[in-house]
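The block underneath contains the structure these notes are about, expressed in structure tokens.
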There are 2 protein chains.
Amino acid sequence: MTAEPVVAPRRVRLDGQRTRHQILDTAVRLATVEGLDGLSIGTLATATGISKSGVYAHFESKEDLQLATVDTARDLFIADVVAPALASEGIARLRALCESFLHFVERRTLPGGCFFAAAAAELGGRQGPLKARVAANQRDWMRLLTDAAEEAVRCGELLADTDVAMLVFELNALVVAANTAFLLHDDETPIARARAAVARVIMASVPSADAG
Amino acid sequence: MTAEPVVAPRRVRLDGQRTRHQILDTAVRLATVEGLDGLSIGTLATATGISKSGVYAHFESKEDLQLATVDTARDLFIADVVAPALASEGIARLRALCESFLHFVERRTLPGGCFFAAAAAELGGRQGPLKARVAANQRDWMRLLTDAAEEAVRCGELLADTDVAMLVFELNALVVAANTAFLLHDDETPIARARAAVARVIMASVPSADAG
């Protein structure tokens, strides 16, 4: 008995996983420019240099590829936007999440900006599992902002009568509008404007003794 | 000499214009769901019941069709959102423009909501004449809000030190976020939230004697 029968399949599996990751990383970038509809086995084969059959081996259907792309975008968003903000809590986390999002856009992490902003706009008028997956991710993002704001209210960093749902709606609106305008006009002004507006909107709910 | 040689070509031209309008009205609706990329001679032929060659006769290329679709969406936006607000001036016009936009979305005028919000998100990561046309329309919308706000400042309806660019950025962010969330979650709450936020954001810049 040699080691090969054990090692070989494992190496194949790892190579397969690496290839799948490579395809999906490319798919996330591509989808922010061409849309989730613009993803195809053919364009991904061209973009990754992997054969069409090689790409096809990893995904049963276009929808399977699109859903996996959404999940990969989620992982990237968590790693790049969410995780850095989780070191802080309450009002600091709320500010960090907004700043982290703006920084993600500003440094052009993805060529078409926020994946979920693009996907939400693309799928808004439709129905189906892909829209549901994007909507669920968007709810998770709003939940994250809401939890941070509620924690801030609980520990007195924000006024007890803060309308948290309204605050979170406004903060999300500001950072997403910055993403859209930054990309559409190739102009950083909207990022700076959103930064100032986020600070002011949060400050408006800070008890006056702290607001200084 | 009879009337026919004059009348016949004229009728043909009118029929041609009517067909072109019909194709473009369908294209605007379709583009809010399938994207400007999703427009094709084939899908438009199916959607309008006009033959492919009939559709093709009106547009030199896909880009020509897409640009004409943007222009048609502009006409619709002006008729449905802008025109009703032009009866008022200053702060009333600013409020009317925001309300008109929210009402346009809420009554599902187009199946995929605001054409320009969808197009801006679709084209954000690209370059070219189509993106430039959408960006120009978006600038016109911001200019319209800005002119109304500046007029409101001039006549003392808004505080002299109002940061108009910031105010307009916030108002646009709120109504566009309502459009996105309304469509993504099939929920009217974001519309109501944007309505309340728009009122509050404008009121924050109203001189305190009037704000009462």
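Taken together, the values in this text are just the output of simple stated rules run on the coordinates, not laboratory data. Worth saying up front: this structure is predicted, and the values here are computed from it rather than measured. A quick note on method: Cβ atoms are made from the backbone with ideal geometry, for glycine too, and the neighbour counts reach across all protein chains shown.
Of note:
- For segment B:56-141, convex hull volume per residue from C-alpha positions, Å³: 104
- In this simple spin-label approximation, residue B:189 and residue A:139 carry label points 7 Å from Cα along the Cα→Cβ vector, and these lie 1.0 nm apart.
- The count of lysine pairs in the protein assembly as shown that are at least 8 places apart or cross chains, and whose C-alpha atoms lie under 22 Å apart, stands at 4.
- Dipole-positive endmost among A:109, A:130, A:90 within segment A:61-211 (Cβ charges, Cα centre): A:130
- In this structure, residue B:22 and residue B:88 have a Cβ-Cβ separation that, at R0 = 30 Å, corresponds to a calculated FRET efficiency of about 0.35.
- Extension gain for the segment residue A:108 to residue A:43, taken as residue separation times 0.36 nm less the Cα-Cα distance, is 21.2 nm to one decimal.
- FRET efficiency, residue B:203 to residue A:78 (Cβ-Cβ, R0 56 Å, nearest 0.05): 0.90
- The charge dipole of chain B, taken about its Cα centre with unit charges on the Cβ of Lys, Arg, Asp and Glu (plus for the first two, minus for the last two), comes to roughly 620 debye.
- FRET E, pair residue B:64, residue A:127, Förster distance 25 Å, beta-carbon r, rounded to 0.05: 0.20
- Relative contact order %, chain A, counting alpha carbon pairs below 8 Å whose residues are six or more apart: 19
- Copies compared at residue B:22 - label distances in nm, ascending, label defined 7 Å from Cα in the Cβ direction: 5.2
- Across chain B, the fraction of Cα-Cα pairs farther apart than 24 Å, rounded to a whole number, is 50%.
- Note on the protein assembly as shown: Cα-Cα pairs beyond 26 Å make up 60% of the total pair count.
- Charge dipole of segment A:146-212 about the Cα centre (unit charges at C-beta), most positive-ward option of A:149, A:160, A:189: A:189
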